1. Within the range 134-172, track down each residue that is open to solvent by 40 Å² or more (accessible area, probe 1.4 Å) and assigned to a loop (DSSP other than H, G, I, E, B).
2. Test residue 58 against the criterion of being more than 30 Å from residue 189 (Cα to Cα) and in contact with a Ser or Thr (Cβ under 9 Å, 6 or more places away or on another chain), and give yes or no.
3. Can you pull out the residues in the range 1-37 that are open to solvent by 20 Å² or more (accessible area, probe 1.4 Å) and assigned to a loop (DSSP other than H, G, I, E, B)?
4. Do you know which of the residues in the range 194-204 that are in a loop (DSSP other than H, G, I, E, B) and out of contact with any helix residue (DSSP H, G or I) (no Cβ under 7 Å at 6 or more places or on another chain) is modelled with the lowest pLDDT?
5. Can you tell which of 78, 114, 91 is of a type in the set (Asp, Glu), surrounded by fewer than 19 Cβ atoms within 10 Å (Cβ to Cβ) and at pLDDT 95 or above?
6. Of the numbered conditions (1) of a type in the set (A, V, I, L, M); (2) under 18 Å from the mean Cα position of the chain (by Cα); (3) exposed (fewer than 13 other Cβ atoms within 10 Å of the Cβ), residue 103 satisfies every one except a single condition; which is it?
7. Going by what's in this entry, would residue 85 be described as open to solvent by 30 Å² or more (accessible area, probe 1.4 Å), among the aromatic types (Phe, Trp, Tyr) and either at pLDDT 95 or above or under 16 Å from residue 230 (Cα atoms) (or both)?
8. Evaluate the range 57-70: report whether one residue or more is open to solvent by 10 Å² or more (accessible area, probe 1.4 Å) and in contact (Cβ under 8 Å) with a residue 60 or more places away in the chain.
Amino acid sequence: MGSTLAEVEACVEYWGSKLVDSTYNKSKFYQWILKEFPKHSVCLPAFKINRFPVVNGDYFEFVKATDARIPKSILLDEPSNHPVWGVSFEEAQSYADWSSLKLGWQCRLPTEAEWEYAARGNSDNEYPFGQEFDAQKCNTIEAGIGHTTPVDLYTNAASEFGVCDLAGNVEEWTVDFYQPYTGGKYIDDDLSMVLGQYRILRGGSFARGGDLARSARRHGPFPSEVFQYTGFRLVIPEDV
């Protein structure tokens, strides 16, 4: 997982002039992407991950059963087959705990490594659907849609494991706090200065650019309206 310095530089060269916010310069962007360095191997036990992120319909069942806070995507009456968003890490964790009790096996949020492996596969793909960005294969701002879409809209752009919607639509929580990979350096940026310690989100959203849809990209819950589109998917034991 992660990126080599050459891959970091290639990303900055490709996306540096295409960033959604014109106040972001290449130097700042380079620092963000440097969070992916160095590329390294991780040994993972087998696991199963949801093919799709959790949708509004399923999350509303949790709300009704537990009297949990209603997230904004449901308050806005978005379709039941669109991903739930406006969910905090703690709320996503509560949903996982509720699902565990309901189903009788452990449900949890993925680690960064699990999420990245589900997206990159054994082919080390830059995006879940391949090495090249394609705005027709994911719901990022480049697609021009401007809102969430059904989680099964891009089944033709699934990862090599058949996992869908890993690029765009809504950002997805992982359990890991940001820390540099072994051999990398700590990046003290807007996120750390505002949040201090923060958990990693993956995958990007419909409101942001395709640079966040890269499989190796590490992001966080910046407190801004354009970064409110946070959802999640679950992992369950391999033997279920």
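1. If we filter the range 134-172 for residues that are open to solvent by 40 Å² or more (accessible area, probe 1.4 Å), which is where we start, we get 134, 136-137, 141-142, 144-147, 152-153, 155-156, 160-161.
Listed by number, the residues that qualify are 134, 136, 137, 144, 145, 146, 147, 152, 153, 160, 161.
2. On the way: more than 30 Å from residue 189 (Cα to Cα): yes; in contact with a Ser or Thr (Cβ under 9 Å, 6 or more places away or on another chain): yes.
The answer is yes for residue 58.
3. If the condition is that a residue be open to solvent by 20 Å² or more (accessible area, probe 1.4 Å) and assigned to a loop (DSSP other than H, G, I, E, B), then 1, 4, 17, 18, 19, 20, 21, 22, 23, 24, 25, 37 are the ones that fit.
4. Initially, the range 194-204 is screened for residues in a loop (DSSP other than H, G, I, E, B), giving 196-198, 203-204.
Narrowing the set further to residues that are out of contact with any helix residue (DSSP H, G or I) (no Cβ under 7 Å at 6 or more places or on another chain) leaves 196-197.
On the way: 196: 91, 197: 94.
Here the answer is 196.
5. Being of a type in the set (Asp, Glu), surrounded by fewer than 19 Cβ atoms within 10 Å (Cβ to Cβ) and at pLDDT 95 or above holds for just one of 78, 114, 91, which is 78.
6. (2)
7. Values: open to solvent by 30 Å² or more (accessible area, probe 1.4 Å): no; among the aromatic types (Phe, Trp, Tyr): yes; either at pLDDT 95 or above or under 16 Å from residue 230 (Cα atoms) (or both): yes.
So residue 85 does not fit the description; no.
8. no
The values are calculated or read from the model by the stated rules, or taken from the named source; none is laboratory data. These numbers were taken from a predicted model, which means no experiment stands behind them. Glycine gets a Cβ as well: all are built from the backbone with ideal geometry, and neighbour counts include every protein chain shown. Accessible surface is based on the protein model in full, side chains and every heavy atom, while ligands, DNA and RNA are left aside. Shrake-Rupley method; radii C 1.70, N 1.55, O 1.52, S 1.80 Å.
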